Amino acid sequence: MSDALAKDQPIVRLSHISKTYQQGKVQVHAVNDVSLDITQGDFAALCGPSGSGKTSLLNLIGGLDVPDAGSVWIDNVNLATLSHAKLAEVRKNRIGFVFQAYNLIPVMTAYENAAFVLDLQDIDEAEKYQRVMQVLKDVGLEGLEQRRPDEMSGGQQQRVAIARAIVTRPAIVLADEPTANVDSETAKSLLNMMAALNEQQGITFLFSTHDQHVMDKAKRIIQVHDGKIADDERK
Ligand SMILES: Nc1ncnc2c1ncn2[C@@H]1O[C@H](COP(=O)(O)OP(=O)(O)OP(=O)(O)O)[C@@H](O)[C@H]1O
Ligand SMILES: [Mg+2]
């Protein structure tokens, strides 16, 4: 395959995926026959009411959950064909996760949290140091490398989480309501920072949100309704 062709391949391809959860006697179609491509450089927001299926979709894309039907492709690889070990490798190397609740390790410093995934990879110490210091600078945390989570604001903690997600140079960063726990000013600056990473470094983002400001910043708005894609628009 030529490079030109390879470049046109989506980073994520969802082909007719569905996920049904059992709630007591009721079946909930959290994701209902969704097909979607995410391409290199996308800065896309999944929007939709509570319960519409945004988190379920992100979990399926990130290989944290498995669809009942259809397939999820990352980098042209069907996740269903991978062994547990290979799937773990794809999650570790190709996908960055950012959660609403930051999920930092409380006893570790900003530096150690950001370095965490690199510690699991076979990377030389000097390179690791250089990369971690650079991403902490890129997310605006220069000088705060030795702070622990309880010594940082919510916005600063989320910046550490974003640093941790991008330090491995993933194909895509999946962020589930990354600004839900911070005030609107902090949400704005987090969004501007993520938009700059997208613009300047070409990092691909897919995030879910209820936040109008986040939607305004997105370059692509994907509306989710009752487990289906109701609308998908690039600005
Ligand atoms: N593990 C689960 N077990 C049972 N039902 C679930 C599970 N996860 C999600 N659901 C159901 O699937 C539907 C979609 O949930 P999901 O969390 O994906 O929505 P969401 O769009 O992320 O909502 P919110 O905006 O509130 O975060 C909901 O009806 C929810 O109750
Ligand atoms: Mg959700």
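Taken together, the values in this text are just the output of simple stated rules run on the coordinates, not laboratory data. Not measured: the values here are computed from a predicted model. Ideal geometry is used to build each Cβ from the backbone, glycine not excepted, and the neighbour counts take in all protein chains shown.
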(request) Sort Val107, Val31 so the one with the fewest other Cβ atoms within 10 Å of its own Cβ comes first. (result) Val107, Val31
(request) Mark the label point 7 Å from the Cα of Asn181 along Cα→Cβ and return the residues of segment 126-159 whose backbone N is within less than 14 Å of it. (result) 149-159
(message) Could you tell me the calculated FRET efficiency between Gln130 and Glu151, based on Cβ-Cβ distance and R0 = 22 angstrom, to the nearest 0.05?
(response) 0.35
(message) Can you compute the modelled spin-label distance between Ser83 and Thr39, with each label point 7 Å from Cα toward Cβ, in nm?
(response) 3.6
(message) Taking 10 °C and 1.306 mPa s as the conditions, I'd like the Stokes-Einstein D for the chain in µm²/s, using the Kirkwood hydrodynamic radius from alpha carbon pairs.
(response) 87
(message) Helix-only mean residue ellipticity at 222 nm, the chain, DSSP H runs n ≥ 4 weighted -39,500 (n - 2.57), per residue, nearest 500. What is it?
(response) -11000 deg cm²/dmol
